[in-house]
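The values are calculated or read from the model by the stated rules, or taken from the named source; none is laboratory data. The structure displayed is predicted, hence computed values, not measured ones. Cβ placement follows ideal geometry from the backbone for every residue including glycine, while neighbour counts extend to all protein chains displayed. Each accessible area value is taken on the protein alone, full model and side chains, heavy atoms only, with ligands, DNA and RNA left out. Shrake-Rupley method; radii C 1.70, N 1.55, O 1.52, S 1.80 Å.
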Amino acid sequence: MQLEDAKLATDNCRYCLMCRHVCPVGHITRLETLTPHGWGLLIASQRRGLITWNASSVDKLYSCADCGLCRSHCVTDQPLPNAIAAARAEVAAQGLAPASLYPLNEALLRWGNPYQPAEPQAPAGQGEVALFVGDEALYLWPAALDAALTLLKAVGVEPVLIGAGRSNGYVASSLGFPDTARRLAEANLADLQASQASTLLVLSPGDLFAFRQLYDERLGLGWPAGVVLQEVTVLLAERLAAGELRFARKELGGTKGTQRNSDPITQSPSPSGMVPNHLVTLSPGHPYAYVDPAHTVRAPERLRLDAPRSLLAAVIPSPGVELFWRQERTHPAGSTSLKFANPQLAEHLTYSRLGDAAQIGARLLISEDPGTLHALSTHAPRFGVQVQGLYELLAECLLIR
Ligand code: SF4
Ligand code: SF4
């Protein structure tokens with residue numbers, strides 16, 4: 001079924017230019033091959049026997065970021081990213097995928113994540129609300145989880161943590177390993193069932209996309225009936241609007257920076273080796289910009305509510321500046337599956353986001369997604385910008401009632 005969908009989508013995309021202008025990879029490479037219709041034509045041509053999978057064609061196939069921009073701008077909702085993932089699954093099964101991806105797949109099968117040789121943690125108890133931790137929050141930007149839990153506790157929500165240290169399955173699915181993705185997804189769903197939660201909170205739109213759409217469309221896994229899926233930012237924005245949350249206003253220039261790099265669950269040093277800024281110093285004339293995370297375009301209700309910006313406005317009174325590739329046209333910051341398939345290209349996506357920010361005068365970039373924060377912070381110094389986690393900023397300004 002997935003392969004049949006792929007064939008249909010690429011036949012529709014191969015001569016269509018209607019989403020070409022939003023593709024971030026096409027934007028940075030300026031190569032026609034690396035645009036949505038380029039990938040459509042590549043896959044459709046292979047299926048017709050006009051080309052074969054070789055080093056060059058496989059390199060092109062693995063250059064798509066699986067970001068969802070094309071589909072989100074498609075009036076006929078063509079699932080081109082699913083088609084590309086399906087073609088990659090054929091290639092990977094034949095042993096023709098980039099060599100570096102096979103050890104990655106082994107790590108995902110063995111450890112559930114590509115970052116640390118450590119088993120995922122078992123769900124901690126049962127309750128009405130669960131929070132999916134995943135691998136990026138645990139290993140790439142642990143301060144986000146700690147701060148999110150502080151904020152949730154302030155509104156009376158103390159979730160059961162599930163999937164701590166386990167991928168949501170997106171990376172495996174995107175890179176052509178659907179069986180691995182299904183195993184990860186089934187383990188996450190088993191954790192959810194064990195928690196007995198009727199609400200699952202997620203820290204980023206990437207997790208929302210994986211649970212709501214990818215599990216169903218790419219893996220054939222249904223979502224448990226009666227379980228509500230919600231981003232933490234949306235819940236917090238609702239509680240803010242209801243008067244249940246209050247924040248101190250942060251005057252630019254009034255905060256001392258602090259550093260934190262411990263794992264909020266184990267309290268051990270961050271295994272990523274990164275030292276993310278927990279709180280950075282804001283100074284006068286220090287314009288900030290909110291950076292929409294990767295996969296934002298795949299979460300339509302998020303675009304409608306824009307919860308992160310409403311939370312940010314409650315803390316920083318002065319308006320921020322806005323990146324061009326934001327909201328319904330959010331380009332990812334190199335944090336998608338592309339960082340494993342083609343790290344150099346992924347880095348250029350990060351440079352592009354940082355370059356956008358520098359060009360409009362932003363000196364502080366704020367986001368809540370651990371993967372986006374990690375990608376931005378890796379290269380931020382060379383662009384003269386700082387990176388701040390949204391959850392950490394909110395937790396620091398929280399007024400306890
Ligand atoms: S996803 Fe839609 S808009 Fe984009 S190339 Fe395919 S058919 Fe055209
Ligand atoms: S998923 Fe993203 S990178 Fe891939 S074709 Fe679509 S817009 Fe381009």
Quick one: count up the residues across the range 77-126 that are hydroxyl-bearing (Ser, Thr, Tyr) and without any contact (Cβ under 8 Å) to a residue 12 or more places away in the chain.
1
Picking from Arg304, Arg309, the residue that is at pLDDT 55 or above and either in a loop (DSSP other than H, G, I, E, B) or touching a strand residue (DSSP E or B) at 6+ places or on another chain (Cβ under 8 Å) (or both) would be Arg309
Can you tell me which residue among Cys64, Cys19, Cys74 is open to solvent by 30 Å² or more (accessible area, probe 1.4 Å) and near ligand 2 (Cβ under 10 Å from one of its atoms)?
Cys74
Pick from Val75, Val129: which is under 30 Å from Thr35 (Cα atoms) and β-branched (Val, Ile, Thr)?
Val75
Failed condition for Glu186, given (1) assigned to a loop (DSSP other than H, G, I, E, B); (2) modelled with pLDDT of 95 or more; (3) acidic (Asp, Glu)
(1)
Is the range 323-330 home to any residue that is assigned to a helix (DSSP H, G or I), more than 17 Å from Gly206 (Cα to Cα) and either modelled with pLDDT of 95 or more or of a type in the set (Phe, Trp, Tyr) (or both)?
no
Go through (1) within 11 Å of ligand 1 (Cβ to nearest atom); (2) open to solvent by 30 Å² or more (accessible area, probe 1.4 Å); (3) touching a helix residue (DSSP H, G or I) at 6+ places or on another chain (Cβ under 7 Å) and name the single condition Cys13 misses.
(2)
When both residues are 6+ apart or on different chains and their Cβ atoms are under 6 Å apart, which pairs have a first residue that lies in the range 34-54 and is within 16 Å of ligand 2 (Cβ to nearest atom), and a second that is among the polar types (S, T, N, Q)?
Leu34/Ser63; Gly40/Thr10; Ile43/Thr10; Ala44/Thr10
Tally up the residues in the range 63-94 that are closer than 20 Å to His331 by Cβ, outside any loop (DSSP other than H, G, I, E, B), of a type outside the set (D, E, K, R) and within 10 Å of ligand 1 (Cβ to nearest atom), please.
5
For the range 22-50, name all the residues that are open to solvent by 50 Å² or more (accessible area, probe 1.4 Å), within 20 Å of Val91 (Cα to Cα) and assigned to a helix (DSSP H, G or I).
Thr33, Leu41, Arg47
Is it true that some residue in the range 201-221 is under 16 Å from Ala130 (Cβ atoms) and part of a strand (DSSP E or B)?
yes
If you check Leu393 against the conditions, is it open to solvent by less than 10 Å² (accessible area, probe 1.4 Å) and over 18 Å from the mean Cα position of the chain (by Cα)?
yes
